[in-house]
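Enquirer: Questions regarding the structure given below will be posed in turn.
The values are calculated or read from the model by the stated rules, or taken from the named source; none is laboratory data. Nothing here was measured: the structure is a model prediction, and the numbers come from that model. A quick note on method: Cβ atoms are made from the backbone with ideal geometry, for glycine too, and the neighbour counts reach across all protein chains shown. Accessible surface is based on the protein model in full, side chains and every heavy atom, while ligands, DNA and RNA are left aside. Shrake-Rupley method; radii C 1.70, N 1.55, O 1.52, S 1.80 Å.
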Amino acid sequence: MLSETRQKKHGTLMKKADHAEMLELEAQYCSYGDTVHYVDPAKKFASCSGGFLYDDEERPYFDLQMQYSAANLGYGNFRLTDALRDQLQVLPQLDNQHLDEQRILLAEKLAALTEQRFGVKGRVHFSIGGAGAIEDSLRLIRKATGKNFHFAFMGGYHGRTLGATAITSSYRYRRRYGHFGDRAEFIPYPYCFRCFYGLKREDCGLYCLKQFEKLFDTEYYSFWDSKAGECEFGALYMEPIQGTGGYVIPPTEYFVGLKKILEERKILLVDDEVQMGFFRTGKFWAIEHLEIVPDIIVFGKALTNGLNPLSGFWIRENLIDPSDWPHDSTPCASPQGTAVALEVLRIFEERDFTSEVQQKGVYFLSCLQRLKEKYPQIIGDVDGLGLALRIEICRGKGKEPGPELTNRIFHEGLKGNLVAEGSLYGLVLDVGGYYKNVFTLAPYLEITYPEIDLGIELLDQLFGRFERPAGAF
Ligand SMILES: Cc1ncc(COP(=O)(O)O)c(C=O)c1O
């Protein structure tokens, strides 16, 4: 039986429920899919600030994943919560047939920032949630190219809607929902630590790229008509660093070569920056590291620091006909989202996030490398670009993935019994990777150096519970 305070007649939540009671309510009334349940039972947090989540006892849990890289500027960032509160008091909502000044200014700003980087003029379309923006991009590509088949990468994740699921590589996400007629053609991502072809980067000669190019040798490889010079596929969807795939950082040369192949075949390149955009990697757009220019950039999450589901895409001017691009959702580009997003961009303008994030990233990675040396039996690989960092958990000294061990470490962090500076802490991690054996670290961008040291200290203790250290750290 649930307590009486929980059973208020009109369902108003009057009193803080205890954890067990909440779980019971969830099991009874929620779709369950809306909480991913990687943690069983799901953890309950009461508040958040900076890089920390706090439980009911106010115990801090250092969050090294920040809402899957949405809360890049920290939880409870006053500038952003103030912007939201101010907007709530002035114009909290507006239908989309009237001019929202902020939506226009935001589009202008994003287009200008993108043009500065790539020298290309474009337009911005807003949407709701990362998957919604991917869906809209698919719709627009259909219109611009007449094509509904695309390439996408193994290990890629693009969202939960039917269209986004069709270009997401994992069959686990599609399995329950029947046949996907528009399923993408998936090609291997240049994940050099686990090369699909079993080669080593030092002497592979970018074999994976050559294999991709080979697909266009003859029409009998199934989708290239050399007489018409036309491909059956309209676009290639890519993540500049694979997010859910385990923060896989690709070699730049691969993408330089890939872009050339795509251009020669008139295939669009869609850059999904939903997870890596907005300075996660130390560049405004992560694709800047890859020295190529995309045709479309999809963004979401960190645009509003995770405070509003505002998302969208930027597209080259010549690919969109603004007089013939109907349809938007009712809550699309709500003034609440655009107000916060403009403030996010102001914050980015005021500081040199490029060097700050890159320097912190270099320091964080050097600490992870020392942890790898200290725990050679469980850490197979560490890598990072800016503050997108990875720890790949392997068994023994080889590369055999250790998903069960990863899961145990992940749960251990959430127990909240790590000790630093005489206080108890928990550690919030996220698990990704093709084998679910990678900790994908996305600390908030304003993390301080002492906080990085604290994070490393907590990781050190955590790993120390699963492997005896190989020497002094
Ligand atoms: C690269 C990428 N694209 C798209 C999405 C979907 O975004 P959302 O969860 O906001 O729908 C995600 C979510 O993690 C993502 O990482």
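Enquirer: Restricting the first residue to region 387-407 and requiring it to be among the hydrophobic types (A, V, I, L, M, F, W, C), which pairs with a second residue that is modelled with pLDDT under 95 and open to solvent by 10 Å² or more (accessible area, probe 1.4 Å) meet a Cβ separation below 7 Å and a spacing of at least six or different chains?
Expert: As it stands, the answer is LEU405/ARG395, since those pairs meet every condition given.
Enquirer: Also, I was wondering about something else. So which of VAL90, VAL124 ends up being away from the ligand (no atom under 13 Å from the Cβ), open to solvent by less than 40 Å² (accessible area, probe 1.4 Å) and more than 30 Å from LEU414 (Cβ to Cβ)?
Expert: VAL124
Enquirer: Is at least one residue of region 196-205 open to solvent by less than 50 Å² (accessible area, probe 1.4 Å), over 18 Å from PHE255 (Cβ atoms) and assigned to a helix (DSSP H, G or I)?
Expert: No - not one qualifying residue is present in region 196-205.
Enquirer: Looking at the structure I just gave you, is GLN275 open to solvent by 50 Å² or more (accessible area, probe 1.4 Å), touching a residue at least 40 places away in the same chain (Cβ under 8 Å) and under 21 Å from the mean Cα position of the chain (by Cα)?
Expert: So GLN275 does not fit the description; no.
Enquirer: To continue, here is another question. Would you point out which residue out of PHE233, PHE180 is farther than 28 Å from TYR435 by Cα and assigned to a loop (DSSP other than H, G, I, E, B)?
Expert: Result: PHE233 is the single residue among PHE233, PHE180 that is farther than 28 Å from TYR435 by Cα and assigned to a loop (DSSP other than H, G, I, E, B).
Residue by residue, here is whether (1) within 14 Å of the ligand (Cβ to nearest atom); (2) modelled with pLDDT of 95 or more; (3) touching a Pro at 6+ places or on another chain (Cβ under 7 Å); (4) not β-branched (Val, Ile, Thr) holds:
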{"residue": "VAL248", "(1), (2), (3), (4)": "yes, yes, no, no"}
{"residue": "PRO251", "(1), (2), (3), (4)": "no, yes, yes, yes"}
{"residue": "LYS259", "(1), (2), (3), (4)": "no, yes, no, yes"}
{"residue": "GLU263", "(1), (2), (3), (4)": "no, yes, no, yes"}
{"residue": "LYS266", "(1), (2), (3), (4)": "no, yes, no, yes"}
{"residue": "LEU269", "(1), (2), (3), (4)": "no, yes, yes, yes"}
{"residue": "PHE279", "(1), (2), (3), (4)": "no, yes, no, yes"}
{"residue": "GLY282", "(1), (2), (3), (4)": "no, yes, no, yes"}
{"residue": "HIS289", "(1), (2), (3), (4)": "no, yes, yes, yes"}
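Enquirer: In region 43-64, which residues are touching a Lys or Arg at 6+ places or on another chain (Cβ under 9 Å) and open to solvent by less than 60 Å² (accessible area, probe 1.4 Å)?
Expert: Hits for region 43-64 are ALA46, LEU53, ASP55, TYR61.
Enquirer: Looking at region 456-472, is at least one residue of a type in the set (D, E, K, R), free of Cβ contacts under 8 Å to residues at least 12 places away in the same chain and open to solvent by 10 Å² or more (accessible area, probe 1.4 Å)?
Expert: yes
Enquirer: Among the residues of region 295-334, what is the count of those that are within 22 Å of the chain's Cα centre (by Cα), touching a residue at least 60 places away in the same chain (Cβ under 8 Å) and within 16 Å of ALA112 (Cα to Cα)?
Expert: Final tally of qualifying residues: 9.
Enquirer: Looking at (1) closer than 30 Å to GLY386 by Cβ; (2) open to solvent by 70 Å² or more (accessible area, probe 1.4 Å); (3) at pLDDT below 95, which is the only condition LEU105 fails?
Expert: Evaluating LEU105 over (1) closer than 30 Å to GLY386 by Cβ; (2) open to solvent by 70 Å² or more (accessible area, probe 1.4 Å); (3) at pLDDT below 95 leaves (3) as the failure.
Enquirer: Out of PHE151, PHE180, PHE216, PHE186, which single residue is of a type in the set (A, V, I, L, M, F, W, C), at pLDDT below 95 and either under 30 Å from GLU392 (Cβ atoms) or away from the ligand (no atom under 16 Å from the Cβ) (or both)?
Expert: PHE180
Enquirer: Only one of these conditions is not met by GLN67: (1) surrounded by fewer than 21 Cβ atoms within 10 Å (Cβ to Cβ); (2) closer than 23 Å to GLY386 by Cα; (3) more than 16 Å from the ligand (Cβ to nearest atom); (4) in contact (Cβ under 8 Å) with a residue 60 or more places away in the chain. Which number is it?
Expert: (3)
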